[in-house]
Amino acid sequence: MIAADERYLPTDNGKLFSTGNHPIETLLPLYHLHAAGFEFEVATISGLMTKFEYWAMPHKDEKVMPFFEQHKSLFRNPKKIADVVVSLNADSEYAAIFVPGGHGALIGLPESQDVAAALQWAIKNDRFVISLCHGPAAFLALRHGDNPLNGYSICAFPDAADKQTPEIGYMPGHLTWYFGEELKKMGMNIINDDITGRVHKDRKVLTGDSPFAANALGKLAAQEMLAAYAG
């Protein structure tokens, strides 16, 4: 899992939005993958702890919260992405790369050459790439070099919805750029323009549109990965 390690996202009026990874988008897919027998590691660009949008933590969920407590040390003590990338090869045991959403995915990941290298490795070595909501912003790391995701279709959080967030009081200002526009420029097709909990499979790239897709995406990922690796 590639996690967010930055808390504050600048907006167009200079105010900072406190963000990170959305807990539902992070924990539900991981819960299903873990239940299917897949262990996971967490990595960030800096090697510093994962930042969560704790306001969205499902504190009363009797399955997700014990799962989070059991794996909290992984989020607090992640690996550094660069250290993982240098060891990747065709025989590496990683079955997938997972990039959860939350606006924290807009900070650093789209410019990271280490994120680009990890994604290039996954696609070229027939591994899964799993993401949802704002997580696909990490795919922008592929803009300036070899882009194996050119021509892929995905679900993601719509730019149109992001443009409404200040008016509903969710963000203190508008974003300074919109990741959907940039993904389209690099040859990707976003198939949704609304938020319905939709998930999508294009080859081994599995995506969802929002937190509402987290449960379905986790089930889809577990099903696809079991079919690929446990058959």
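The values are calculated or read from the model by the stated rules, or taken from the named source; none is laboratory data. The structure displayed is predicted, hence computed values, not measured ones. Every residue, glycine as well, gets a Cβ built from its backbone with ideal geometry; the counts of neighbours run over all protein chains shown.
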Could you figure out which of (1) buried (at least 19 other Cβ atoms within 10 Å of the Cβ); (2) without any contact (Cβ under 8 Å) to a residue 60 or more places away in the chain isn't true of Ser87? (1)
Here are Gly151, Gly135: which of them is touching a Pro at 6+ places or on another chain (Cβ under 7 Å), closer than 23 Å to Lys124 by Cβ and of a type outside the set (A, V, I, L, M)? Gly135
If we scan region 119-132, do we find a residue that is among the basic types (Lys, Arg), modelled with pLDDT of 95 or more and touching a Pro at 6+ places or on another chain (Cβ under 8 Å)? yes
Residue match in region 77-92 (condition: more than 19 Å from Ala118 (Cα to Cα) and of a type in the set (D, E, K, R)): no
Just one of the numbered conditions (1) closer than 20 Å to Ser210 by Cα; (2) in contact (Cβ under 8 Å) with a residue 60 or more places away in the chain is not true of Ala36; which one? (1)
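Would you point out which residue out of Leu16, Leu30 is among the aliphatic types (A, V, I, L, M) and closer than 20 Å to Phe212 by Cα?
Leu30
Scanning region 125-139 for residues that are over 11 Å from Ala105 (Cα atoms) and in contact with a Leu (Cβ under 9 Å, 6 or more places away or on another chain), which turns out surrounded by the fewest Cβ atoms within 10 Å (Cβ to Cβ)?
It comes out as Asn125.
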Would you list the helices (runs of 4 or more DSSP H) that sit entirely within region 15-113 and hold 2 or more residues that are in contact with a Pro (Cβ under 7 Å, 6 or more places away or on another chain)? 23-35, 64-76
How many of the residues in region 173-199 are over 17 Å from Ala160 (Cβ atoms) and under 14 Å from the mean Cα position of the chain (by Cα)? 1
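In region 154-204, what residues are aliphatic (A, V, I, L, M), touching a Cys at 6+ places or on another chain (Cβ under 8 Å) and either crowded, with 16+ Cβ neighbours inside 10 Å or without any contact (Cβ under 8 Å) to a residue 12 or more places away in the chain (or both)?
Within region 154-204, Ala156, Ile190, Val199 meet the criteria.
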